[in-house]
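Working notes for the structure below.
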Amino acid sequence: MSDTAVYLDHAASAPLRLEAREAMLPFLDGRFGNPSSIHRFGREARAALEEARARLARVIGASPSEILFTRAGTEADNLAVLGRARLSPGSPVAVSAVEHKAVLASAHAAEDEGSPFILLPVDENGVVRLDGVDAALEAGPAVLSVMWANNEVGVLQPVGEVGARCRAAGVAFHTDAVQALGKVPVRVDEAGVDLLALSAHKVGGPKGVGALYVRRGTRLHPLLFGGGQERGMRPGTEDVAGAAGFAAAAEAAEAERETAMARVSALRDRLEAGLRDAVSGLVVNGAGAARLPTISNVSVPGADPEALLMGLDLEGIAVSSGSACSSGAVEPSHVLTAMGIPAALAGPSIRFSLGWTTTDAEIARALDIFPRVAARVR
Ligand code: PLP
């Protein structure tokens, strides 16, 4: 990998923020106590954990007692979906067609345990259809899950409207806000959500650390069993360093959000305009809907998707493929497929994802290299 590689894959993982690193170091070093111990080492760890909980809660407008730290965003999604399904066996679980696998696979796991699976359809931009939400609510699901922002195309969902409908129907509403935090305002008090999943490494915190917001009064069935940590909902000795790093990263991301995202959004627009000019037939997926300022998913008709990704990597541009490679065959993404995008377009798709460290020069470099590589692999 060359030193001058351009990292445009922030939605996969973001660089660790200095604030997060500094917040974590004491707990990786001398302050190693177990937060459940009653001696001073334990009390010191407990105080740090509770401070992290309060700081993270403040960022999203929650109370500290409504935050459960988990092992990654995936676990937070699993706990929300399966934790609700197992509370009311036999009730359906409704999830949008463009959810991350952490939600979709949890709903399928619930289906295996006897909870009927309801897939909420999306429109051509990947936005959930509210008539589909209304129809699903009539079935009285144990939980209804619609993500805040999509990780592949960046499309924002009408969480406020879905939340209001769920509330009126008395159905628990879960949203996966893993990609939204730090990019758009994420406030649980304004969105009317009951459950909300977060992940530290997408905002410049450590990998393997997540959180689930659980509105007071919303009941869950735990997925793990052991001690009483995290109110018995997520037993296991807490990752104090991880929680401290997560809170510091989330605060830093939120503090700079407006200025950073105004800059990044202009860079993303420049990238898209330049690519449209230079690559004939290029399509920006989901462009008809409100999107995160950071993500651009483009299809290059006629290009070999693997050759495109590898060609870009060889030239020092790190991006993600919009398609998944399984057993040697390239499968178009379930998100693009749900949007009705034909395989010929969904296959050769690339996700650019920018972040607070992205520079003008990096976008200029991507604009220089991408059209050349795309022409070579068509
Ligand atoms: N949900 C969304 C929308 C994501 O983009 C991701 C990560 O890619 C996850 C959940 C899973 O988070 P984690 O990597 O912390 O398990």
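Quick look at the values:
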read-out	value
Alpha-carbon radius of gyration plus Dmax, which is the widest Cα pair, for region 220-378 in Å	19.7, 59
Centroid-to-centroid separation of region 85-142 and region 333-367 [C-alpha atoms, Å]	26 Å
Among beta bridges that DSSP assigns inside the chain, antiparallel share in %, nearest 5	60 percent
Selected from 195, 87, 181 as most flexible by GNM, with the chain as the system and alpha-carbon contacts under 10 Å	87
Nearest-20 debye value, the chain charge dipole, Cβ charges on Lys, Arg, Asp, Glu	720 debye
The chain: relative contact order as a whole-number percent, Cα under 8 Å and 6+ apart	22 percent
Region 17-37-region 155-198 distance, computed between alpha-carbon centres (Å)	31 Å
D_trans [Stokes-Einstein, Kirkwood Rh over alpha-carbon pairs] for the chain, 4 °C, 1.567 mPa s, µm² s⁻¹	61 µm²/s
Cα-based radius of gyration of region 133-190 once divided by 2.2 N^0.38 Å, which approximates compact folds	1.14
Rounded if a/c under 1.5, otherwise prolate or oblate - region 37-151, Cα gyration tensor axes	prolate
Among 62, 255, 20: highest mean-square fluctuation, GNM of the chain, C-alpha pairs under 10 Å	255
Most fluctuating residue given options 204, 192, 160, as computed from a GNM of the chain linking Cα atoms under 10 Å	160
Region 179-314, dipole about Cα centre (Lys/Arg Cβ +1, Asp/Glu Cβ -1), debye to the nearest 20	360 debye
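No value in this document is a laboratory result; all are computed from the given coordinates. In this text the structure is predicted, and so the values were computed from the model without any measurement. Every residue, glycine as well, gets a Cβ built from its backbone with ideal geometry; the counts of neighbours run over all protein chains shown.
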